[in-house]
Amino acid sequence: PLPDASIDLIVCLAVLEHIADSTLMLKEVKRVLREDGILIMSTPNIERCGHSFWNDPTHIHPYTPTSAKNLLKMHGFKNVQVSPNLRCKPRIFYGATKLHFFAAQYLFPFTGNNKLPFFLKFLKGKALGMFMFAQKSDFEVEK
């Protein structure tokens with residue numbers, strides 16, 4: 001076990017959707033994070049991946065940008081941001097507004113594994129997932 005308040009950064013990629021009780025996980029994350037420590041997570045966005053979310057039999061809980069943000073806030077995290085999971089795209093597309101999620105879905109309609117001709121590769125990058133960024137707060141939520 002890690003000591004309390006001993007970690008500056010926790011990165012949790014494609015884990016949250018597999019956890020039956022996110023409360024236990026997030027309590028442990030908060031316990032080991034130092035004051036103002038950073039949590040970075042990714043998970044599929046059920047609004048974008050739809051029924052294909054369930055193609056992985058180990059997926060237990062789907063999240064939307066709103067539910068992911070609310071989950072982290074509910075557990076006392078601060079400065080919570082949710083962004084489309086776009087890889088290798090200009091920084092402008094990594095925002096936390098509905099416009100950014102719209103851009104991620106419709107301006108880049110093809111997933112990264114599409115075999116497009118080189119002159120159409122800019123259309124790759126459809127975001128089926130999302131990133132969440134949060135900071136540990138000393139605020140405690142009563143359960």
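The values are calculated or read from the model by the stated rules, or taken from the named source; none is laboratory data. Computed from a prediction, not measured in an experiment: that's the story for all the values here. Don't worry about glycine lacking a Cβ; one is built from the backbone with ideal geometry, like all the others, and counts go over all protein chains shown. Please note that ligands, DNA and RNA were not included when accessible areas were found on the heavy atoms of the full protein model with its side chains. Shrake-Rupley method; radii C 1.70, N 1.55, O 1.52, S 1.80 Å.
What the table shows:
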| item | result |
| --- | --- |
| Residues within the range 63-78 that are hydrophobic (A, V, I, L, M, F, W, C), farther than 13 Å from GLY129 by Cα and in contact (Cβ under 8 Å) with a residue 60 or more places away in the chain, tallied | 3 |
| Residue ranges of helices (runs of 4 or more DSSP H) in the range 1-75 with at least 1 members closer than 21 Å to LYS136 by Cα and touching a Phe, Trp or Tyr at 6+ places or on another chain (Cβ under 9 Å) | 22-32, 65-74 |
| Total residues in the range 40-61, condition surrounded by fewer than 17 Cβ atoms within 10 Å (Cβ to Cβ) and either under 12 Å from the mean Cα position of the chain (by Cα) or β-branched (Val, Ile, Thr) (or both) | 3 |
| Unmet criterion (only one of (1) open to solvent by 30 Å² or more (accessible area, probe 1.4 Å); (2) at pLDDT below 90; (3) under 26 Å from GLU28 (Cα atoms)) for SER83 | (1) |
| For ARG34: the one exception among (1) at pLDDT 95 or above; (2) under 19 Å from PHE131 (Cβ atoms); (3) basic (Lys, Arg) | (2) |
